[in-house]
Amino acid sequence: MLIRNNASSNRLLPVAISVMVGFLVSAQARATILLPHSGPTVTPGTASFAGLTAVAGADETIPFTGLDIFNAVKFAGTLESKVYREASGTLDFAYQVNADATGPDSIHGVSVSSYSNFSTDVDWIAGTGAVTYGSADRLAAGNGDTVSFDYSAGANAIAPGDSADWILIKTNAVFFNNLGNTSLIDGGTANLQTFQPVPEPASIGLLVLGAGMLLPRRSRRRT
């Protein structure tokens, strides 16, 4: 009986792995990958909200205050965070930074985390604010890849009283939650909880299935 069970597991395991690999490959094929330490992979400033459908309930305006190490206020404002669905069904995550006129400093960077398992393109929607970003990068750091938008060049800094153009992170995700993290940076830092992509339930189920088939084999080997 043990031999037949092992043989059955041996036959099923390659099938499960094949299904998992096929699923992940097809998911990755739905968007162009922004590799770590690379710039935008789309022509910047050409995006628009045309053809996108706003996801109901996925629109938050979050106040922020950037503090330095001495708890002095360096900047303040609001971040609007939205989720849109492409015609293909994949999700875009959109952000607009609005800096309070009281300042006192400009905002020089916006970083959005939790994209380690997803393909990403970045862009901005020209004409929707007073400031465009200078460059974008995807950093493989911490517990998930971070997509960073750089406003450090003088003319691109988000000065007190300015609103930046909407920025977009286009993904191959089809599900999301509001447990992501967005950081705004200058001489101080503000960390906000915003929307983030999450894996499809099917992919989670396949990974659990694969792990479940391996565990009985290990248990039998010990006996």
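The values are calculated or read from the model by the stated rules, or taken from the named source; none is laboratory data. Keep in mind that what you see is a predicted model, and the values were worked out from it rather than measured. Glycine gets a Cβ as well: all are built from the backbone with ideal geometry, and neighbour counts include every protein chain shown.
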### Task
Pick out the one residue from GLY77, GLY103 that is buried (at least 20 other Cβ atoms within 10 Å of the Cβ), closer than 17 Å to ILE185 by Cα and not hydrophobic (A, V, I, L, M, F, W, C).
GLY77
### Task
Could you tell me whether PRO216 is out of contact with any Ser or Thr (no Cβ under 6 Å at 6 or more places or on another chain), at pLDDT 90 or above and not in a strand (DSSP E or B)?
no
### Task
Quick one: in the stretch 116-145, of everything that is hydroxyl-bearing (Ser, Thr, Tyr) and either modelled with pLDDT of 90 or more or more than 17 Å from the chain's Cα centre (by Cα) (or both), which residue is farthest from LYS74 (Cα to Cα)?
THR128
### Query
If you check every pair at least six apart or on different chains, which have Cβ atoms under 6 Å apart with a residue in the stretch 35-54 that is under 10 Å from VAL122 (Cβ atoms) and at pLDDT 90 or above first and a residue that is small (Gly, Ala, Ser) and surrounded by 13 or more Cβ atoms within 10 Å (Cβ to Cβ) second?
none
### Task
Kindly indicate the residue of the stretch 147-166 that is touching a residue at least 60 places away in the same chain (Cβ under 8 Å) and part of a loop (DSSP other than H, G, I, E, B) and also nearest to SER135 (Cα to Cα) among those meeting that condition.
ASP165
### Query
VAL83 is checked against (1) in contact with a Lys or Arg (Cβ under 6 Å, 6 or more places away or on another chain); (2) among the β-branched types (Val, Ile, Thr); (3) at pLDDT 95 or above and fails just one. What number does that condition carry?
(1)
## Note on the structure
Among ASP92, ASP68, the single one that is farther than 17 Å from ALA173 by Cα, touching a residue at least 12 places away in the same chain (Cβ under 8 Å) and either in contact with a helix residue (DSSP H, G or I) (Cβ under 6 Å, 6 or more places away or on another chain) or of a type in the set (D, E, K, R) (or both) is ASP68
### Query
Has the stretch 149-170 got at least one residue that is surrounded by fewer than 17 Cβ atoms within 10 Å (Cβ to Cβ) and over 17 Å from ASP105 (Cβ atoms)?
no
